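*Asks:* Take a look at the following structure, please.
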Amino acid sequence: EQSIMTLPLETILAKLPIAELKQTVAAHVVALVQLLPDKRLGAVVECIMLGILGHQTPVITQIAGANSKEQGETWPMAKRIYRFLHNPRVKTESLYEGMYAIGQQVVEQESPAYLVVAVDPVNFEKPYAKAVEGVSTVHKAPPPGLDGKARLAHGYPAITATVVNTQVPVTSYANWFSYRTADFISQNKEIEQAFETTRRLYPHYTVRFVGDAGLDDQKMFAQVENLKQEFVFRVSHLERIVEVYNERLARWESEALLDLVEVVPLPVTFQVLFSHAGQTHLDTVHLGWFMVRIPATTTPLWILVVDDPVLNSRLVLITNVPLLSLPIVQQVYNDWRLRSRIEHGYRFDQEQGLDVEDMRVHTVNCMRRLFALVLLAAQIVFVVAVHWPPKAVLWLRQLGGKLGLSGDRDGPYWLLQGISCVITSAMTLSFAFLHPFPSGENTCG
């Protein structure tokens, strides 16, 4: 048999889908590369994508180490990446506009009837960063402190708006920012910017924004209304005063929202499939809804109450979508449930996925650039899952550690592990081909 060193490198790498991965990455980032001032910078972007996926990290030296050694050592590649991040000719805004343009292409391909966009602020922790530019004090709940409660930590706030009703989740707004830099105005302003940017990118679509309790704010209701779009937010301020219409007396009357929620009839019952921690169970929920308006306004809003007697929980949603029929009510509830996809995305970016919190660059501008590239790298995993043949996707999952048992999960993690194995193996084989291990020079003592 021929040894590995007597075979051409191309023959060895042909056993791995590294060429297909490179082609997928290159095709996905075309819209971004076109906005760069130099075509050669596009190759650096593709190398960064492969490096982030290969070592599942935003650390520059590891990104460089995960690239093929066909053209040189790790250090020259690391210098190319550092130069790219600090290049004054590359505008950070261009990276984000390129990411948004990629999202527009995905939406155009899938062509949903309307867009469900989850808007969610998040805090990223930098536990030992005390002197880095713009490092802020952020509120972290997961993971909690030793007392089991939320804690204050060093880190950076961020926000993303994600289209969650497409097969490949794409970003319509993102920003990594600091409370201490001159360009920061307020977090509410960032949320408003997410609404406006999404509307600018998708002028021909109806956008239904969904959000958690942090978006339960009258100003945000007005912002979405001004854009003539829809929203579904979870209510956190049940103590607020609202007005309900008294049909008998033909007038609006003030009531505490909590009192109305406690007495609302729940005439509709239907079954919902819940998934958590790899387990799924069928649950029965009861729905009730009614119309309200905020005092001193004339715009009608609707309150949707979802009661789960099994879990002993009650969810209260507020929306400007007229709840005039049962199908509309069910659709609004199901759209809000899609919001969990953005939380899964954060965990994928943040924890055992791409570990975005482990950035080791020292300026906010470089962090913003890397943040955009990590978000794009995460999209690549979903592109592979959706557009590669099922047998190829299964092969990658099996390479990544899928056991073939009935309890296996088919989320993005095994797929990312398989992609990482392919990239790392290609790098190792190409390096060993050019620089054989010096086995004859080993000494002991």
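*Asks:* Does GLU343 satisfy the condition of being closer than 19 Å to PRO127 by Cβ, open to solvent by 20 Å² or more (accessible area, probe 1.4 Å) and charged (D, E, K, R)?
*Replies:* On the way: closer than 19 Å to PRO127 by Cβ: no; open to solvent by 20 Å² or more (accessible area, probe 1.4 Å): yes; charged (D, E, K, R): yes.
No, not satisfied.
*Asks:* Only residues in the range 96-115 that are of a type outside the set (A, V, I, L, M) count as the first member; pair them with residues that are assigned to a helix (DSSP H, G or I), Cβ under 7 angstrom, at least 6 apart or cross-chain, and list the lot.
*Replies:* These pairs meet every condition: TYR96/ALA372; GLY98/ALA31; GLY98/LEU32; TYR100/LEU201; GLN104/LEU201; GLN105/ALA31.
*Asks:* Kindly indicate whether CYS366 is in a helix (DSSP H, G or I) and without any contact (Cβ under 8 Å) to a residue 40 or more places away in the chain. Steps first, answer last, please.
*Replies:* Values: in a helix (DSSP H, G or I): yes; without any contact (Cβ under 8 Å) to a residue 40 or more places away in the chain: no.
Judged against the criteria, CYS366 is not a match.
*Asks:* Now a separate question. Condition (residue is open to solvent by less than 70 Å² (accessible area, probe 1.4 Å) and of a type in the set (D, E, K, R)) applied to the range 313-320: is it met by at least one residue? Give the derivation first.
*Replies:* Here is the first cut: in the range 313-320, the ones open to solvent by less than 70 Å² (accessible area, probe 1.4 Å) are 313, 315-320.
Retained after the next criterion (residues that are of a type in the set (D, E, K, R)): none.
No; the residues of the range 313-320 include none that is open to solvent by less than 70 Å² (accessible area, probe 1.4 Å) and of a type in the set (D, E, K, R).
*Asks:* Can you tell me which of PHE371, PHE382, PHE437 is under 24 Å from GLU46 (Cβ atoms) and either small (Gly, Ala, Ser) or surrounded by fewer than 21 Cβ atoms within 10 Å (Cβ to Cβ) (or both)?
*Replies:* Details: PHE371 fails: either small (Gly, Ala, Ser) or surrounded by fewer than 21 Cβ atoms within 10 Å (Cβ to Cβ) (or both); PHE437 fails: under 24 Å from GLU46 (Cβ atoms).
Answer to the selection: PHE382.
*Asks:* Quick one: which residue in PRO142, PRO157 is at pLDDT below 90 and over 24 Å from VAL25 (Cα atoms)? Walk me through how you get there before you give the answer.
*Replies:* Numbers: PRO157 fails: at pLDDT below 90.
The unique qualifying residue is PRO142.
*Asks:* Take ARG360 and tell me if it is farther than 30 Å from GLY418 by Cβ, open to solvent by 10 Å² or more (accessible area, probe 1.4 Å), in contact (Cβ under 8 Å) with a residue 12 or more places away in the chain and outside any helix (DSSP H, G or I). Let's see the steps before the verdict.
*Replies:* On the way: farther than 30 Å from GLY418 by Cβ: no; open to solvent by 10 Å² or more (accessible area, probe 1.4 Å): yes; in contact (Cβ under 8 Å) with a residue 12 or more places away in the chain: yes; outside any helix (DSSP H, G or I): yes.
So ARG360 does not fit the description; no.
*Asks:* Another question, then. Scan the range 220-259 residue by residue and report those that are open to solvent by 70 Å² or more (accessible area, probe 1.4 Å), touching a residue at least 40 places away in the same chain (Cβ under 8 Å) and closer than 30 Å to THR197 by Cβ.
*Replies:* ARG234
*Asks:* Please give the strands (runs of 3 or more DSSP E) falling wholly within the range 234-301 in which 2 or more residues are at pLDDT below 95, within 32 Å of the chain's Cα centre (by Cα) and closer than 19 Å to LEU338 by Cβ. Spell out the reasoning first.
*Replies:* Details: elements: 241-246, 251-256, 268-276, 279-293.
Result: 268-276, 279-293.
*Asks:* Residues being buried (at least 18 other Cβ atoms within 10 Å of the Cβ) and either free of Cβ contacts under 8 Å to residues at least 12 places away in the same chain or not polar (S, T, N, Q) (or both): count how many of those fall in the range 178-219.
*Replies:* 17
*Asks:* Working only within the range 132-174, note down all residues that are of a type in the set (S, T, N, Q) and open to solvent by less than 30 Å² (accessible area, probe 1.4 Å).
*Replies:* Initial filter on the range 132-174 (of a type in the set (S, T, N, Q)): 136-137, 160, 162, 165-167, 171-172.
Across the range 132-174, the qualifying residues are SER136, THR160, THR162, THR166, THR171, SER172.
*Asks:* One residue is enough: does the range 348-363 have a residue meeting the conditions over 24 Å from VAL30 (Cα atoms) and among the β-branched types (Val, Ile, Thr)?
*Replies:* yes
The values are calculated or read from the model by the stated rules, or taken from the named source; none is laboratory data. Please read these numbers as outputs of a predicted model, since none were measured by experiment. Note: ideal-geometry Cβ built from the backbone for every residue, glycine included; neighbour counts use all protein chains shown. When the accessible area is computed, the model is the full protein with side chains, heavy atoms only, and any ligands, DNA or RNA have been set aside. Shrake-Rupley method; radii C 1.70, N 1.55, O 1.52, S 1.80 Å.
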